[in-house]
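These notes are about the structure you will find just below.
The values are calculated or read from the model by the stated rules, or taken from the named source; none is laboratory data. Not measured: the values here are computed from a predicted model. Cβ: placed from backbone, ideal geometry, glycine included. Neighbour counts: every protein chain shown. Quick note on the areas: whole protein, heavy atoms, side chains included, nothing else; ligands and nucleic acids left out. Shrake-Rupley method; radii C 1.70, N 1.55, O 1.52, S 1.80 Å.
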Amino acid sequence: MSKKTKYYLLFILISVTILTKIFTPKIFYIGGGSCYQGITAFIIHFFLLLCTILNVLAIILLSLSKIGVSKTFNIIAIAIWSLGMIIHSLDQTITDGLIVISYFTPFLIVSILIFLMIKKINKLEL
């Protein structure tokens, strides 16, 4: 993987992570009832950080030619973020469900883009 591609992926990942953190929908801050308001947003932000770290490690390991480990980290990040999207969109009204899906989608797209880059590099090395 060229340095330019690696930096481009890292830039997109960090940018989408920051935007996802900043533009968290209000429904996550009021979710959880009166005693637990904000806990949903806290949990989502924790998993956002975890998935970001996994994707950054995947990119770094990909540049070190550790394709298998890189693919594993990326798949774990995609699975965690997809599971979060499914869990949070199930018990919502249609409007809130669309807000949840539009919130989770950009980070999921970037994670899938990283996965596709890993597959592309894996095919090139075979």
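At-a-glance table
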quantity: Contacts under 6 angstrom Cβ, first residue in the stretch 58-78 being without any contact (Cβ under 8 Å) to a residue 12 or more places away in the chain, partner open to solvent by less than 50 Å² (accessible area, probe 1.4 Å) and in a helix (DSSP H, G or I), 6 or more apart; calculated: Val69/Leu61
quantity: Residue list for the stretch 98-112, restricted to those being open to solvent by 50 Å² or more (accessible area, probe 1.4 Å) and either modelled with pLDDT under 95 or acidic (Asp, Glu) (or both); calculated: Leu98, Ile99, Ile101, Ser102
quantity: Flag if Ser65 is surrounded by fewer than 19 Cβ atoms within 10 Å (Cβ to Cβ), of a type in the set (Ser, Thr, Tyr) and under 16 Å from the mean Cα position of the chain (by Cα); calculated: no
quantity: Residue in the stretch 77-88 that is among the hydrophobic types (A, V, I, L, M, F, W, C) and closer than 24 Å to Lys3 by Cα present; calculated: yes
quantity: Test set (1) hydroxyl-bearing (Ser, Thr, Tyr); (2) touching a residue at least 60 places away in the same chain (Cβ under 8 Å); (3) open to solvent by 20 Å² or more (accessible area, probe 1.4 Å) - Thr40 fails condition number; calculated: (2)
